Amino acid sequence: MSADALPDAALHQSDVLLVTARVMDSNVSSLILRISALPSPYLIVLSETDDVVDRIVALELGADDFLGRDSDPREILARAKSLVRRGAQRRGEPGSPPLPDDAPRSWVLNDVSRLLRSPAGTVCELSKGDVELIDALVEEPTEVLSVEKHSAEANNLRVSISRLRRKFRKVSSEHLPIRNIWGMGYAFDAPLKRVSSRA
């Protein structure tokens, strides 16, 4: 199924979407990118080959999980439920732990455990690439990360930021403070404290 052929109802009425892929071609990649740009649903790719390279590509494009097509249906269901449950807990819905009274008032990035905590206490798990992206957005001397508008690097940057925004929207209704400065680039537009611990 191509990205354009996916019914809108599948995107707006589903908590988890399963996509079966014979190979990771341009149609599958476009579909993953389209879904990963949205706050929901979660996306699990079921591959006929279960190739490790395909798994890496799918996850880097924004898939939430990757399994072989012949996986036990009970495992697929368990993983889908886990995605929904973790998202609900991190958004502070019923069943999630209460926020501490001394919750930080700035964003906190733990570069060891790879966790980003918002001022409201929401915690988002990050990939190594996400941490490097936030570091680049904050540490750029001009406070703006910019690249040539039509370069491959610029496209990769836009995809990475879109994926990070979507990842955070899954755990919180808060706005991730990455600002797009027209004609210049991107910046992390909020106070950020760095910590290095396994806590």
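A cut-off of 5 Å between modelled amide H atoms, ignoring neighbours fewer than 5 places along the same chain, links Phe66 with Val45.
Taking the Cβ-Cβ separation of Ser71 and Arg34 as r and a Förster radius of 22 Å, what is the calculated FRET efficiency to the nearest 0.05?
The formula returns an efficiency of 0.40 here.
Here the convex hull built on the C-alpha positions of region 20-70 has a volume of 61 cubic angstrom per residue.
Roughly to the nearest percent, how much of the accessible area of region 33-75 is carbon and sulfur, given a 1.4 Å probe? Intermediate results must be reported in sequence, preceding the final value.
Numbers: 1170 of 2160 Å².
On region 33-75, the fraction of accessible area on carbon and sulfur atoms equals 54 percent.
Once the chain from Asp50 to Asp15 is taken as fully extended at 0.36 nm per residue, the excess over their C-alpha distance is 10.2 nm.
The values are calculated or read from the model by the stated rules, or taken from the named source; none is laboratory data. Because the structure is predicted, anything quoted here is derived from the model rather than measured. Counting neighbours? That spans all protein chains shown, and the Cβs are built from the backbone with ideal geometry, glycine included. For accessibility, only protein heavy atoms count, side chains too; no ligands or nucleic acids. Shrake-Rupley method; radii C 1.70, N 1.55, O 1.52, S 1.80 Å.
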